[in-house]
Amino acid sequence: MVGGKPHVSQPLSARAVNDPVPQGAYADDADIPLAVDLDGTLVFTDTLFEALAEHMRRRPLWTIWQLIQLPFAIARVKARIQGEARIDVGSLPVNEDVLAYCRRARAAGRKIWLVSAADQGIVSEVAERFGVFDRAVGSDGTTNNKGANKGRFLVREAPRGFEYIGDSRADMKVWSMAKAASIVGGGEPRRRAVERMGVRVAQTFERPRRGAGAWLKALRIHQWAKNVLIFVPAILAMKITDPGTLATLLIALPLIGAMASGTYILNDLVDLSADRSHPTKKKRPFASGRLKLWQGFMAAPLLIVGGLIGGLMISPGFAVTMLSYLVITLAYSFKLKRAALADVMMLSFLYTMRLVMGAVLAGVALSHWLMVFSMFLFVSLSLAKRHVEVLRRTEMGERRVANRGYRAEDAGLTLGLGIATATIAPLIMVLYLIESAWPSGNYPTPEALWVAPVMLALWLTRVWLLANRGELDDDPVVFAIKDPQSIAIGIVLALGFIAAVTLPEGSAQILNMNALFDIGGGGN
């Protein structure tokens, strides 16, 4: 049974008469029904993969088993998958042009049928949502209502002919039996292919633009900026100048990115319904229908497995750290993201795992200072992300953050914890400089490092100022790489580190207060 009560719009038969009807638009077809496909035509998604994504979130192993059986018993497995899914049909991305075409046809007195290969239960719920359809026919668990099967059904039910709106190559068999064809996507080549069959094309509709831009957004290439953290252990251990170490880190960078992109896609697939209710995430390629869900189901495992294989080729130890990162990410995506505060701990740990990867690649020991500092810093940034989400949902009048464990009254908690951790992170850096950086002798001019805690504190206070105003981007990483002030702070911080390493000893003596004012014998 499809879970959740769908949103039922005002009956379109009552309001369709207000839509303009072009003169003579249906002069030849007024007495034949208009049959409309569902997946990829009326909606910019595929309800079978919507159901798979919903099952994947709740019971991944069961879903994988159904996918294995699907090629051998399509109708029966499809009925099982879609029949037991909890799809929110009210949130599915609609092709408004096709819907408007149906409304005008109904206003002109035509019969409108929703005829799909999707399971009958979902087809009925979608038809109820729009209220424009006279019939709703889907697969029944025995017959897969697709291609030739759909065409024969329509010929039998509409012996005087029918117009069919479809979108895929499988619909060519239906169009070959139709009196008129309307086409979604496919461009001029598909239109010519239909016309060569002797079928008149009544209307063509465009899809949302896909291409490289949509994939770059789905892969979240900008998030690869997080992966530069793998360079930090080598930099702090002064091994970044070693050509072999640097080459290894540069090779590992895209491998980590590819695996992470695969997990981002998987996360988007299991989070479709929540993303569609979010003010900005609803524009993501899979949630909006710009990319097909089956493409995501193919791309995610390929990217994940490809990244892991590449990591294994670099070193088994690095592959183990990548696998650990993957396990934590999947635990977060499928379960922990819905547990308040546990989610921010997991997000911060994923940042810290990048430091672990870098240490393994560089062959250096991880500093306890670095590990503790990174946890407080990344917990603060993760809390900033959640704080913004809570504030925005509260402004929208909602009491809960969809698919998360937070409520409106948690804003004070996320703010307090976030500022506390943001305060502790620079303090830990100060203690590191005093207790470790100075005595180590690795920095000829360690005084220049004082710029680091100052710049860090300045940046974190800016992050939390904007977060509390609700002006921070949902993701602090996106904010950091786009915000001019953040970039400027990062440049100053980098210059301070370079100065500490390259300037000769005594160059920053002006920063020595004891020597400058001759206190205590010049600092001796």
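The values are calculated or read from the model by the stated rules, or taken from the named source; none is laboratory data. Quick caveat: nothing in here was measured; it's all calculated off a predicted structure. Every residue, glycine as well, gets a Cβ built from its backbone with ideal geometry; the counts of neighbours run over all protein chains shown. Protein only, heavy atoms only, side chains kept; ligands, DNA and RNA dropped before computing areas. Shrake-Rupley method; radii C 1.70, N 1.55, O 1.52, S 1.80 Å.
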| task | Identify all residues within the range 399-420 that are more than 27 Å from the chain's Cα centre (by Cα) and either crowded, with 16+ Cβ neighbours inside 10 Å or hydrophobic (A, V, I, L, M, F, W, C) (or both); write none if there are none. | result | Ile419, Ala420
| query | Restricting attention to the range 120-151, which residues are of a type in the set (D, E, K, R), buried (at least 22 other Cβ atoms within 10 Å of the Cβ) and in a loop (DSSP other than H, G, I, E, B)? | reply | Lys146
| Looking only at residues in the range 91-108 that are among the aliphatic types (A, V, I, L, M) and part of a helix (DSSP H, G or I), which one is surrounded by the fewest Cβ atoms within 10 Å (Cβ to Cβ)? | Ala100
| Candidates Leu92, Leu154, filtered to the one that is modelled with pLDDT of 90 or more and closer than 27 Å to Ala287 by Cα | Leu92
| query | On the given criteria, is Val155 without any contact (Cβ under 8 Å) to a residue 40 or more places away in the chain, open to solvent by less than 10 Å² (accessible area, probe 1.4 Å) and either not small (Gly, Ala, Ser) or not in a strand (DSSP E or B) (or both)? | reply | no
| Filter result for the condition that a residue is over 20 Å from Val201 (Cα atoms) and touching a Lys or Arg at 6+ places or on another chain (Cβ under 9 Å), over Gly131, Gly141, Gly121 | Gly141
| task | Could you please tell me which pairs satisfy a Cβ distance under 7 Å, a separation of 6+ or placement on different chains, a first residue in the range 462-477 that is part of a helix (DSSP H, G or I), and a second residue that is among the small types (Gly, Ala, Ser) and open to solvent by less than 20 Å² (accessible area, probe 1.4 Å)? | result | Val463/Ala384; Trp464/Ala384; Trp464/Gly418; Trp464/Ala422; Ala467/Ala384; Pro476/Ala384
| query | Inside the range 296-323, can you point out the residues that are open to solvent by less than 50 Å² (accessible area, probe 1.4 Å) and under 21 Å from the mean Cα position of the chain (by Cα)? | reply | Gly296, Phe297, Ala299, Ala300, Leu303, Ile304, Gly306, Gly307, Leu308, Met322
| said: Please count how many residues of the range 45-69 are outside any helix (DSSP H, G or I) and at pLDDT below 85. | reply: 1
| said: Can you pull out every residue in the range 203-241 that is in a loop (DSSP other than H, G, I, E, B), open to solvent by less than 70 Å² (accessible area, probe 1.4 Å) and out of contact with any Pro (no Cβ under 9 Å at 6 or more places or on another chain)? | reply: Arg207, Gly211, Arg220, Ala237, Met238, Ile240
| task | Tally the residues that are surrounded by fewer than 16 Cβ atoms within 10 Å (Cβ to Cβ) and among the charged types (D, E, K, R), restricting the search to the range 324-337. | result | 1
| Of these, Leu458, Leu449, Leu495, which one is open to solvent by less than 40 Å² (accessible area, probe 1.4 Å) and either among the aliphatic types (A, V, I, L, M) or in a helix (DSSP H, G or I) (or both)? | Leu449
| field | Enumeration of residues in the range 266-282 that are among the polar types (S, T, N, Q) and over 14 Å from Val401 (Cα atoms) | value | Asn267
| Arg129 is checked against (1) touching a His at 6+ places or on another chain (Cβ under 9 Å); (2) at positive phi and fails just one. What number does that condition carry? | (2)
| message | What's the total number of residues in the range 347-402 that are at pLDDT below 85 and either within 24 Å of Leu323 (Cα to Cα) or assigned to a helix (DSSP H, G or I) (or both)? | response | 7
